[in-house]
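The values are calculated or read from the model by the stated rules, or taken from the named source; none is laboratory data. Computed from a predicted model, the values in this text were never measured in an experiment. Glycine also receives a Cβ, built like all others from the backbone with ideal geometry; neighbour counts cover every protein chain displayed. Only protein heavy atoms, including side chains, enter the accessible area calculation; ligands, DNA and RNA are left aside. Shrake-Rupley method; radii C 1.70, N 1.55, O 1.52, S 1.80 Å.
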Amino acid sequence: MTVGVVGAGISGLSLVRSLADRDVDVVAFDKRDSPGGIMRSKHVDDRVLELGPQRLRLTPGLESMIDDLDLGDRLRYGDDDQPIYVYHDGSLSVVPLSVREAITTDLLSPAAKLRILAEPLTGPPRADETVDAFLTRKFGKQAARRYLGPLYSGLYGTHPKNMLMPYSLGRALEKAGVERSVLLWVVRKLLSGRETPPICTFEGGLGELPSALYEAYDDQIHLETPVERIEPVDGGYALHTSAGIEYVDEVVLTPPAGVCADLLAPVDADLEATLRRFNYNPIGMVYLESDFDGTGIGTLVPPDSDVRISGLTWNASFLERDRLFTCYVDPNTDPEMQERSDDSLGKLAATEFERITGAPAEPIHVHRWNPGMPAYDRSWTAIDDLEPPAGIHFCTNFVDRPGIPGRIRAANRLARELTA
Ligand SMILES: Cc1cc2nc3c(=O)[nH]c(=O)nc-3n(C[C@H](O)[C@H](O)[C@H](O)COP(=O)(O)OP(=O)(O)OC[C@H]3O[C@@H](n4cnc5c(N)ncnc54)[C@H](O)[C@@H]3O)c2cc1C
């Protein structure tokens, strides 16, 4: 069997590793001149800026990959005892993620705190329910609107009112093994004594992981070689790349849905049309320098707030990245985002940062993702119609979990299926 992989982001790289370790003939192509896709670090004046993920949870799968690649001594641990804040009513309140925080936070009224305790009496998600309706029904309006909704939907840039449970949070809860009650699941987890894996990154940024994977498997990975189209041929597929044609038995695609649609148009017109239905939200990332000395992991900004950013990561605090903060902007929080110049986006982020923290900030870099994150909005019903023909596989964040540990697990699972 020969497998052709489109893309050398973390999904493609993990798949190459998993298949090569099973002695499968695998070849991957990426259009960019460096590996990692979204998982990319940029160095600006001795600073490490994370263009995509800011940090990881060191799950067992990730740890074994890091050991195999001899990257253990490059690890830098974050302080996950620090709180996450939400910007509410003109000030920062602690997001209640532990029992102590739940009791002490000023984010919720005493009645709203008691209302959360009624959650086990409420039923499981309903088929046509939005994330906002589900969280409100389970936990009450204050908890749903002030922090639970933003905590889940923030990175996707989609309002919880536009996310359907079976296509977003419902899938995540099911995969985590949550049945009727989220609260009882949390309590069981706490009682089991199983620790949450620590937060980590690498000294030179998260980009060290894809770089090391690429170095370990560079014979099988061709950078600066875009796949231009995929055609069915007798018993397999022809990958037309900028460097020639590669004939393979199985094809795995890892890019966003729109790119998959372009590439698969010659294979299956219905599949192409289905892939075009998935929405993505653009994301603007603004890197700020500030003397703000708050202790925390970051700030959520609820979608209905008048602040024009969707959140902040406090890299300076929990990762000890000197004076560095990362600010997120999306078209829901700032409808003019797409038209703004980088300079204007930087100024907007610095202004909103000062409004939230009270401290001035200077923009040092702007990066834009478009497509950014899968929106997991109502367009995700398209997943019910996604029926790839034999030999075509998706190992992407739009069909499965988007987090890095989830991407690695999905790649390992697909490698097992392909070799079963
Ligand atoms: C701003 C942001 C912050 C995030 N934060 C976190 C976080 O804190 N923690 C976390 O766990 N996850 C986070 N995520 C999610 C996670 O980073 C992504 O889901 C994951 O990196 C996706 O990896 P991938 O390999 O599936 O896709 P990608 O990284 O998109 O890789 C796809 C690859 O395909 C290549 N490609 C595209 N077209 C072609 C073509 N025609 N031919 C060849 N190659 C092609 C691209 O160059 C790219 O390298 C974040 C995502 C974003 C956008």
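On a 0 to 90 degree scale, rounded to 10, what angle separates helix 342-357 from the longest Cα axis of the chain?
Tilt of helix 342-357: around 40 degrees.
Given contacts defined as C-alpha pairs under 8 Å and at least six residues apart, what's the relative contact order of region 281-374, whole-number percent?
42
Cβ neighbours within 10 Å, averaged per peptide: list 223-231, 305-313, 176-184 in order, most packed at the top.
Most protected by this proxy first, the peptides run 305-313, 223-231, 176-184.
Return P(r) of the chain (all Cα-Cα pairs; 10 Å bins starting at 0; whole %; ordered from short to long distances).
Histogramming the chain at 10 Å steps yields 4, 20, 30, 27, 14, 3, 0 percent.
Heavy atoms only, probe 1.4 Å: what % of the accessible area of the chain goes to carbon and sulfur, would you let me know?
Summing carbon and sulfur atoms, their accessible area is 49 percent of the total for the chain.
Under 10 °C and 1.306 mPa s, how fast does region 97-191 diffuse according to Stokes-Einstein, given a Kirkwood radius computed over C-alpha pairs? Answer in µm²/s, whole number.
116
At ARG355 and ASP81, where each label point lies 7 Å from the Cα along Cα→Cβ, what is the point-to-point distance in nanometres?
It works out to 3.5 nm between the two label points.
List the equivalent ellipsoid semi-axes of region 277-348 in whole Å, largest first, each obtained as the square root of 5λ for an eigenvalue λ of the Cα gyration tensor.
Sorted largest first and rounded, they come to 23, 14, 11 Å.
Taking the alpha-carbon distance from LYS42 and a cut-off under 13 Å, which aspartates and glutamates remain once sequence neighbours fewer than 8 residues away in the same chain are dropped?
Within the straight-line cut-off, LYS42 pairs with GLU50, GLU203, GLU208.
Using just the Cα positions, wrap region 123-252 in a convex hull and report its mean projected area in square nanometres, one decimal place.
Dividing the Cα hull surface by four gives the mean projection, 13.4 nm².
Sort LYS175, LYS138, LYS161 by heavy-atom solvent-accessible area, probe 1.4 angstrom, most to least.
The residues order as LYS175, LYS161, LYS138, largest area first.
How much accessible area per residue does the chain have, counting only protein heavy atoms and a probe of 1.4 Å, in square angstrom?
Normalised by residue count, the accessible surface of the chain is 45 Å².
Nearest 10 degrees, 0 to 90: what angle lies between the long axis of helix 182-191 and the longest principal axis of the chain (Cα atoms)?
Roughly 90 degrees, rounded to the nearest 10.
Tell me the volume per residue, in Å³, of the convex hull enclosing the alpha carbons of region 1-135.
That works out to 246 Å³ per residue.
How big is D for region 55-131, in µm² s⁻¹ as a whole number, if Stokes-Einstein is applied with the Kirkwood radius of its Cα pairs at 37 °C and 0.692 mPa s?
199
So what is the relative contact order of region 97-191, in percent, for Cα pairs below 8 Å that sit 6 or more residues apart?
32
Which value, in debye to the nearest 20, describes the size of the charge dipole of the chain about its Cα centre when Lys and Arg Cβ atoms bear +1, Asp and Glu Cβ atoms bear -1, and nothing else is charged?
Charge dipole of the chain: 1940 debye, to the nearest 20.
Most fluctuating residue of ASP249, ASP128, ASP377 in a GNM of the chain with Cα springs under 10 Å: which is it?
For the chain, modelled as a Gaussian network with Cα springs under 10 Å, the answer is ASP128.
How long are the three semi-axes of the equivalent ellipsoid for region 189-265, computed from the Cα gyration tensor as the root of 5 times each eigenvalue, in whole Å, largest first?
Working from the Cα gyration tensor, I get semi-axes of 36, 19, 12 Å.
Which pairs in the list LYS113/LYS138; LYS31/LYS347; LYS161/LYS189; LYS141/LYS347 are over 22 Å apart, alpha-carbon to alpha-carbon?
LYS31/LYS347; LYS161/LYS189; LYS141/LYS347
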